[in-house]
Each structure stands twice: as C-alpha cells, then as structure tokens.
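A.B. asks: Structure incoming, see below.
Where a number appears in this text, it was derived from the coordinates with a stated rule and is not lab data. Just so you know, these numbers come straight off a predicted model, no measurement behind them. Cβ atoms come from the backbone with ideal geometry, glycine included; neighbour counts cover every protein chain shown.
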Amino acid sequence: MSGSYVLLQFGTDPFNSRYEDPEGRLAFSLSLASQSPNLVIRLARHTPWAQQLQAMGPDNAYYYFGPETSPGYIVYGNNRISLPMPHMSRQQREGSTSRYFTAQSGKHYKWRITPQRMECMDGRTCLAVWEALSSTEYDYDARVTLRPSALMLITEIMTTLILNRMYLALNWQ
C-alpha cells in the first residue's frame, strides 16, 4: 500500500502486546485491566502517536470477557454502549473465514482471516493488513500496514484485529 503507515507488533500474545511505529513511538498497547470477577483487557491508543497522525476515534477499548474467558463485550472509551464480541467478529456464511464488524458510524467492514495474515476491507478497498512474521530476522513479531483512510477508525480497526486474534487463540467459533 503506497502512502501507508506501518505499526510493528511486539509480542505474540493477543492479550498482551504493543504496537509501535518504525520510529519507536508507542501507538497502541494491550494490558490487563482486571481479573476479578472476569478478565478485562484494555487497548490504549497513545496520544503522541495519535496526535502526530491526526488519528480519530476513541482513545481506549475495553474487552470484558465472560466466565472462563468466554466471549463478552467491548466498550469504547467512556461510552456506556457495550458491543457483544460475537457481533464485532461475526461470520455471515458458515465455513467462511471472513468476519464482519460494524463501526460506530454504522458502516460495515470485513476482515479476511488466516492465521498468518488478516486484511480489513471496506468494500473492495483494503484499509489494513496484519502479517505475522515467522522469521527471527526482526525484533518484532508482526506488522500492521494501514492506508491513510484507516486513521479515521484506527481504534476500531485495531480493536477488531485483536479480537479476531483472540478468537483464533481461544478457538472460539
């Protein structure tokens, strides 16, 4: 993708990793927010990176899991609206590896998913590509490449990317 932005993923754990730009600026981090009574993970978008690129949308997303790390819901920022995890990564056809989500704007997006690569699509336009790296040549574990238009919903793209990685790790259907 020409004119694109790149984030480097450090860590393979979908519940605990960080994303930096190639200059080393922290863009996003995942961390434990709570474990009692159920697991809560916080995705934080870091202000210096977001301001430099004029990224829009919420600064945080919270993943509230059900008992025994079952699918729960997601909340953006201080919003009171909770979005069920299955709705944020829904399958439209049985057997399909694609997952769909609806942005806060009401617009629908699709993730094409394989274990090593995911593509976020807006119709026929690819907004973001996540690629796991199998080589030990790099000090990071994956790369996210973003079109400039992805910055308008960057937190939603990263939230659903990470949710899809969690789905794969936990073998959710």
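A.B. asks: Above 19 Å lies some portion of the pair distances; for the stretch 5-170, what is it as a whole percent of all C-alpha pairs?
C.D. replies: The proportion of pairs with Cα distances above 19 Å equals 53 percent.
A.B. asks: For the chain, what does the relative contact order come out to in percent, with C-alpha contacts under 8 Å and a separation of six or more?
C.D. replies: 21
A.B. asks: Mind checking which of Ser17, Ser29, Ser134 has the largest fluctuation in a GNM of the chain, springs on alpha carbons under 10 Å?
C.D. replies: Ser134
A.B. asks: Taking the mean number of other Cβ atoms within 10 Å as a proxy for protection, how do you rank 47-57, 147-157 from highest to lowest?
C.D. replies: Averaged packing, sorted descending, gives the order 147-157, 47-57.
A.B. asks: Further question on the same structure: Output needed: percent of Cα pairs per 5 Å distance bin for the stretch 61-143, bins running from 0 to the one holding the longest distance.
C.D. replies: P(r) over the stretch 61-143, rounded to whole percents: 3, 12, 17, 19, 21, 16, 9, 3, 0.
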